[in-house]
Amino acid sequence: QNKPQGKIVESFVTMGSNWAQDSGIYEFTMNSTGQTVKARYTFFYIRDSDTGEWKILHHHSSQMPEEIVSTEKTIDETQVRKLFHLWNDALATGDAKVVASRYTADAVLLPTVSDEPRDTTKKIQAYFTDFCKLEPQGEILESHVQIGSNWCKDSGIYEFTMG
């Protein structure tokens, strides 16, 4: 159905008496779609004692996880820009816990009005406990969106109005 065509990208061959192993990376191009898939492979061959032909005794192949990239974007630029409003709405609640919940467990916050990086949920929440007292509301002045597989980034300039 996909009409795959394979080529070896990297090959490491080890040989012994009546056996050989070839392991490395191969890449398949699906002729029906043009999509390429890389995989690690290992072939273990032995010489058939009856025919003298080299035959596959063991073959293992697994797609390389680092090569699995969705060709479909799960978020667009408009949706990325709307994520700021979720954070800004969290600020408007005045609840530091609500704001901190917008961050991943391994997030690092480089705060606006502090020179101390916040690298734990507890530290991020502590920062917003004080910051929310200022009743901040942000507005994006300049936005540069980038989108990848399972991530997006909105870099730019925003301005706060306090209280």
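The values are calculated or read from the model by the stated rules, or taken from the named source; none is laboratory data. Being a predicted model, the structure only gives us computed values, none of them experimental. Here the Cβ positions follow ideal geometry from the backbone for every residue, glycine too, while neighbour counts run over all protein chains shown. We work out accessible area using only protein heavy atoms, side chains counted, and drop any ligands, DNA or RNA first. Shrake-Rupley method; radii C 1.70, N 1.55, O 1.52, S 1.80 Å.
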Which condition does PHE84 not pass, out of (1) touching an Asp or Glu at 6+ places or on another chain (Cβ under 8 Å); (2) part of a strand (DSSP E or B); (3) at pLDDT 90 or above; (4) open to solvent by less than 50 Å² (accessible area, probe 1.4 Å), if it passes all the others? (2)
What residue, among those in the stretch 96-122 that are of a type in the set (Gly, Ala, Ser) and open to solvent by less than 80 Å² (accessible area, probe 1.4 Å), is nearest to LEU86 (Cα to Cα)? ALA100
Residues that are open to solvent by less than 70 Å² (accessible area, probe 1.4 Å), at pLDDT 80 or above and in a helix (DSSP H, G or I): does the stretch 5-13 have at least one? no
Restricted to the stretch 127-142 and to residues being open to solvent by less than 50 Å² (accessible area, probe 1.4 Å) and either out of contact with any Lys or Arg (no Cβ under 6 Å at 6 or more places or on another chain) or at pLDDT below 90 (or both), the residue nearest to HIS85 (Cα to Cα) is GLY138
Quick check, is ASP154 modelled with pLDDT under 95 and farther than 16 Å from LEU83 by Cβ? no
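For (1) more than 30 Å from ILE25 (Cα to Cα); (2) without any contact (Cβ under 8 Å) to a residue 12 or more places away in the chain; (3) β-branched (Val, Ile, Thr); (4) assigned to a loop (DSSP other than H, G, I, E, B), each residue gets a yes or a no:
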position	(1), (2), (3), (4)
LEU57	no, no, no, no
GLY94	yes, no, no, yes
ILE140	yes, no, yes, no
TYR158	yes, no, no, no
Looking at (1) at pLDDT below 90; (2) within 30 Å of TYR41 (Cα to Cα); (3) not hydrophobic (A, V, I, L, M, F, W, C), find the lone condition where THR51 falls short. (1)
